[in-house]
């Protein structure tokens with residue numbers, strides 16, 4: 001495990017809600033002065049969407065999709081995000097170097113089945129992943145990178161070119177993702193996000209059924225408990241991201257406090273399901289009470305319609 005850690009706020013930019021590619025690109029752009037927290041204006045994702053994804057569709061958390069972090073959202077904050085597809089690392093290498101020279105970093109696709117510092121997947125399972133490349137030493141054919149270590153914390157790595165070629169060519173989706181910074185004025189970004197936020201809130205709805213009737217979703221089986229833990233991880237992480245957006249938007253502290261409290265309480269439920277999954281003793285009644293309390297907080301937070 002690499003102990004040379006990348007400097008960023010792990011309480012906000014983690015894998016509770018963001019997937020690897022989202023988290024890596026966001027922290028790299030933030031390092032370069034881009035106001036990335038505006039991207040989180042849609043992150044009070046409905047609990048209905050989280051329930052459907054985790055408990056009905058039963059998809060892994062890292063594949064979570066919602067109506068946010070789109071290419072258009074990145075354009076609003078002054079970033080041109082693009083996907084590029086090439087069949088081999090040999091074809092991709094010149095473009096990877098060009099993008100690093102222009103943007104300072106590039107996200108390269110790979111397959112985690114061949115990545116030793118991700119032991120949960122190494123030699124076990126094909127998983128699409130992106131690694132952030134930041135530099136290249138042509139004399140030694142060594143690449144500088146930022147990636148998750150085995151503790152899910154971003155760290156600095158160096159990889160020889162043969163390794164990168166192997167994991168790129170084995171990728172389930174061969175290509176790379178670039179983030180060209182175009183820069184926009186803070187005032188223009190704020191004005192555009194205000195309009196987008198109001199439109200999004202106007203159309204937002206949530207039954208809160210997952211929280212109000214949580215006991216109906218609980219089944220004491222390992223796979224089900226794992227998906228419940230992932231659902232509440234998504235809920236927790238999304239609200240922490242939403243709180244960060246609200247801080248940037250400079251709204252009244254009551255709204256920020258609501259989002260933070262939801263995030264923290266959801267994390268407690270996540271941890272309870274995780275403990276239960278490995279044989280720990282858990283009170284279903286306490287989970288029920290905490291979930292219903294979160295439902296009340298969610299209903300209050302949903303009343304926020306404008307940033308001004």
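Would you mind checking the tilt of helix 253-277 against the longest principal axis of the Cα atoms of the chain, expressed as 0 to 90 degrees and rounded to 10? On a 0 to 90 degree scale, this one is about 80. Across the chain, the relative contact order, built from alpha-carbon pairs under 8 Å that are at least six residues apart, equals 24 percent. If a/c stays under 1.5 just call it rounded; otherwise compare a/b with b/c (prolate if a/b is bigger, oblate if not). Do that for the stretch 53-145, with a ≥ b ≥ c from the square roots of the Cα gyration tensor eigenvalues. Taking the square roots of the gyration eigenvalues as a ≥ b ≥ c, the stretch 53-145 is oblate. Site pair residue 97 and residue 198 shows an inter-label distance of 5.0 nm when each label is modelled 7 Å from Cα along Cα→Cβ. Note on residue 84 and residue 172: the model spin-label points, each 7 Å out from Cα along the C-beta direction, lie 2.4 nm apart. For the stretch 186-301, the square roots a ≥ b ≥ c of the C-alpha gyration tensor eigenvalues yield an a/c of 1.5 or more together with a/b exceeding b/c, which makes the shape prolate.
Go ahead and set up a Gaussian network model of the chain, Cα springs under 10 Å, then flag whichever of 149, 169, 203 fluctuates most. Fluctuation is largest for 203. Estimated purely from DSSP H runs of n ≥ 4, each contributing -39500 (n - 2.57), the mean residue ellipticity at 222 nm for the chain is -14500 deg cm²/dmol once divided by its residues.
Taking every C-alpha pair closer than 8 Å and separated by at least 6 residues, the mean separation divided by the residue count of the stretch 186-301 gives a relative contact order of 33 percent. Dividing the mean sequence gap of close Cα pairs (under 8 Å, 6+ apart) by how many residues the stretch 84-242 holds gives a relative contact order of 22 percent.
Of interest is the spacing of the C-alpha centroids, which for the stretch 84-163 and the stretch 48-74 amounts to 25 Å. Cβ-to-Cβ counts within 10 Å put 206, 126 in ascending order as 126, 206, the fewest first. Segment residue 284..residue 218, full-extension length gain: 22.9 nm, with 0.36 nm per residue of separation and the alpha-carbon distance subtracted.
Using a Gaussian network model of the chain in which every pair of alpha carbons under 10 angstrom is joined by a spring, one finds that among 44, 131, 277 the greatest mean-square fluctuation is at 277. Taking other C-beta atoms within 10 angstrom as a stand-in for reagent exposure, 25, 207, 7, 171 fall in the order 7, 207, 171, 25, fewest first.
Using a simple spin-label model with pseudo-atoms 7 Å out from Cα toward Cβ, residue 161 and residue 57 lie 4.0 nm apart. Computed from Cα positions, the angle between helix 284-301 and the longest principal axis of the chain comes to roughly 80 degrees.
Exposure proxy shown here: for 103, 148, 9, the number of other Cβ atoms within 10 Å sets the order, fewest to most, as 9, 103, 148.
Bear in mind that the values in this text are calculations on the coordinates, not laboratory data. Keep in mind the model is a prediction, meaning the values are calculated, not measured. Positions of Cβ are generated from backbone atoms using ideal geometry, with glycine treated the same way; all protein chains shown enter the neighbour counts.
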